[in-house]
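Single-structure report; data block below.
The values are calculated or read from the model by the stated rules, or taken from the named source; none is laboratory data. Predicted, not measured: the structure shown is a model, and the values here were computed from it. Virtual Cβ from ideal backbone geometry, glycine too; neighbours counted across all protein chains shown. With ligands, DNA and RNA removed, areas are computed over all heavy atoms of the protein, side chains included. Shrake-Rupley method; radii C 1.70, N 1.55, O 1.52, S 1.80 Å.
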Amino acid sequence: MAVPTTMRAMRIARHGGPDVLTEAEVAVPALAAGEVLVRVSAVAVNNTDLWTREGAYGRPGDPTARSGWRGPIEFPRIQGADVAGRVVSVGPGVDAGLVGRRVVVDPAIYDTDGPDANPVGLMGSERDGGYAEYVTAPAWQVHDMTGSPLTDDQLAALPTAYGTALGMIERGRLRPGETVLVSGASGGVGLALVQIARARGARVLAISSGEKIDAVRAAGAHDVVDRAKDVVGQVRAVAPEGIDVGLDVVAGDLVDEGLPLLRDGGRWVVAGALGGYQVGFDVRRLYLHNAQLIGSAMHTPAHFELLMDLARRGEIAPVIATTFPLHQAADAQDELAHRRHVGKIVLVP
């Protein structure tokens, strides 16, 4: 396939508000050995994009320091972790049969080889991402989705949100028949948690704002409680025996309030801090009840392959809230920050 020498991209040259996202004409990235070049069909917008742009991740020992996902960012940086597209060329050592295949890119940068590797970086933060017409990726992290019934927009919604959700569910060892509580259930990760946990055969309780309760229930939640009311009281009313697993992207006060809801041997999994990253709780709720508090950062390669299998079979169906053209990336991020939507926001080059 013919590939141009330049492309349009949305990038940041410093941390700041949506205005630091600017359009640029840049060189199409060069292929290295073992890589493929993907023409981007759709790229989803995530909280990681907002926090990377803002530098909101902090650093060990300095939680207020401006930082990317795992450390200082090299500017300028093309944002965007979640890419669906088609392979247009391959580097040395890569099977040319991948050219033309419809793919999803695993955006993680891993600490080692192997199925259980941990993510230590992210496309769009520690390397250039998919807010562009083209992006490179290691061939082994490009998954062939040519036969999936999902649209390109839906495929782009998978990597970060659904990868994070599946990582939480796997690390929380959720089993069929267990009762799970999902916080932030109307967001991208929250809806993914609802869908995947329901597909696993769990009883799904969800926390959402009142105006989004119907949409969360439609995604598969058995019961939805209103976050503006007494959350603990509502959960106890619908699950008087307690919950087995908490899947939490909110943190803050919810950790202290939620741990007493766990049954003995329960697991509370945290993968976000929308409600605040400073947490205080009664540690007796852990050791007296053999409970576990588990941190979960995205997914492993094995988790991501499980996710791609679900998508190939059409067993999950991401909800797309709206799409924006690529040059309106700042508007898309602003829309995400206001949290008026349900589902994923997607950019189309």
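For the stretch 233-291, what does the equivalent ellipsoid look like in terms of its semi-axes, each the square root of 5 times an eigenvalue of the Cα gyration tensor, given largest first in whole Å?
Working: eigenvalues 64, 38, 20 Å².
Taking √(5λ) for each Cα gyration eigenvalue gives 18, 14, 10 Å.
Please find, in a Gaussian network model of the chain (springs between Cα atoms separated by less than 10 Å), the residue of Gln79, Gln278, Gln141 whose mean-square fluctuation is greatest.
Of the options given, Gln278 has the highest mean-square fluctuation.
Modelling each spin label as a point 7 Å along the Cα-to-Cβ direction, I'd like the His338/Val3 distance in nm, to one decimal.
My value for the distance between the label points is 3.8 nm.
Quick check: the distance between the Cα centres of the stretch 61-89 and the stretch 1-45, to the nearest angstrom?
Here the two parts' Cα centres lie 12 Å apart.
Could you tell me which of rounded, prolate or oblate describes the stretch 157-293, using a ≥ b ≥ c as the square roots of the eigenvalues of the alpha-carbon gyration tensor, with rounded for a/c under 1.5 and, failing that, prolate when a/b is larger than b/c and oblate otherwise? Walk me through the numbers before you get to the answer.
Working: a/c = 1.32, a/b = 1.25, b/c = 1.05.
Verdict is rounded for the stretch 157-293.
Sorted by packing (mean other beta-carbon atoms within 10 Å per residue), highest first, where do 173-183, 257-267 land?
Working: 173-183: 20.7, 257-267: 18.1.
So the order, starting with the most tightly packed, is 173-183, 257-267.
Of the heavy-atom accessible surface of the chain (probe 1.4 angstrom), what whole percent is carbon and sulfur?
Details: 6950 of 14090 Å².
C and S atoms contribute 49 percent here.
Assuming a ≥ b ≥ c are the square roots of the Cα gyration tensor eigenvalues, decide whether the stretch 79-175 counts as rounded (a/c under 1.5), prolate (otherwise, with a/b larger than b/c) or oblate. Intermediate results must be reported in sequence, preceding the final value.
Details: a/c = 1.56, a/b = 1.35, b/c = 1.15.
Judged from the Cα gyration tensor, the stretch 79-175 comes out prolate (a/c at least 1.5, a/b above b/c).
Rounded to the nearest 5, what % of DSSP beta bridges with both residues in the chain are antiparallel?
55 percent
Counting pairs of Cα atoms in the chain, how many percent are more than 25 Å apart? Please list the in-between numbers first.
Working: 30760 of 60726 pairs.
Summing the P(r) tail past 25 Å for the chain gives 51 percent.
Which value, in debye to the nearest 20, describes the size of the charge dipole of the stretch 138-217 about its Cα centre when Lys and Arg Cβ atoms bear +1, Asp and Glu Cβ atoms bear -1, and nothing else is charged? Spell out each step's value before the answer.
Values: 8 positive and 7 negative charges, 94 e Å.
Approximately 460 debye in magnitude.
What does the accessible area per residue of the stretch 6-57 come to in Å², with a 1.4 Å probe and no ligands, DNA or RNA counted? Before the final figure, lay out the partial values.
On the way: 1970 Å² over 52 residues.
Here the per-residue accessible area is 38 Å².
Roughly how far apart, in whole Å, are the Cα centres of the stretch 301-349 and the stretch 138-183?
For the stretch 301-349 versus the stretch 138-183, the Cα centre distance is 12 Å.
Counting Lys and Arg as +1 and Asp and Glu as -1, each charge on the Cβ, what is the dipole of the stretch 87-168 about the Cα centre in debye, to the nearest 20? Numbers along the way, then the final one.
Values: 3 positive and 11 negative charges, 32 e Å.
About 160 debye.
Averaged per residue, what accessible area in Å² does the stretch 200-349 show with a 1.4 Å probe, protein chains only? Don't skip to the end; give the middle numbers.
Working: 6780 Å² over 150 residues.
Ligands and nucleic acids excluded, the result is 45 Å² per residue.
Once you sort the root eigenvalues of the Cα gyration tensor of the stretch 1-140 as a ≥ b ≥ c, which label holds: rounded (a/c under 1.5), prolate (a/b larger than b/c) or oblate (the other case)? Write out the running numbers ahead of the final one.
Working: a/c = 2.34, a/b = 1.42, b/c = 1.64.
Here the stretch 1-140 falls in the oblate category.
Rank these by accessible area, largest first, 1.4 Å probe: Trp69, Trp268, Trp51.
Numbers: Trp69 35, Trp268 5, Trp51 65 Å².
My answer, sorted largest first, is Trp51, Trp69, Trp268.
With n ≥ 4 as the cut-off for DSSP H runs, can you work out [θ] at 222 nm for the chain, using -39500 (n - 2.57) per run divided by the number of residues, rounded to the nearest 500? Show your work: numbers first, answer last.
Details: 10 runs with 80 residues, N = 349.
Computed mean residue ellipticity for the chain: -6000 deg cm²/dmol.
Within the chain, which DSSP H helices have Cα atoms that stretch 18 Å or more along the helix axis and a mean Kyte-Doolittle hydropathy of at least 0.0? Intermediate values should be presented prior to the final figure.
Numbers: long enough: none.
Helices passing the filter in the chain: none found.
What accessible area per residue comes out for the stretch 139-187, rounded to a whole number of Å², with a 1.4 Å probe?
On the way: 1350 Å² over 49 residues.
On a per-residue basis, 28 Å².
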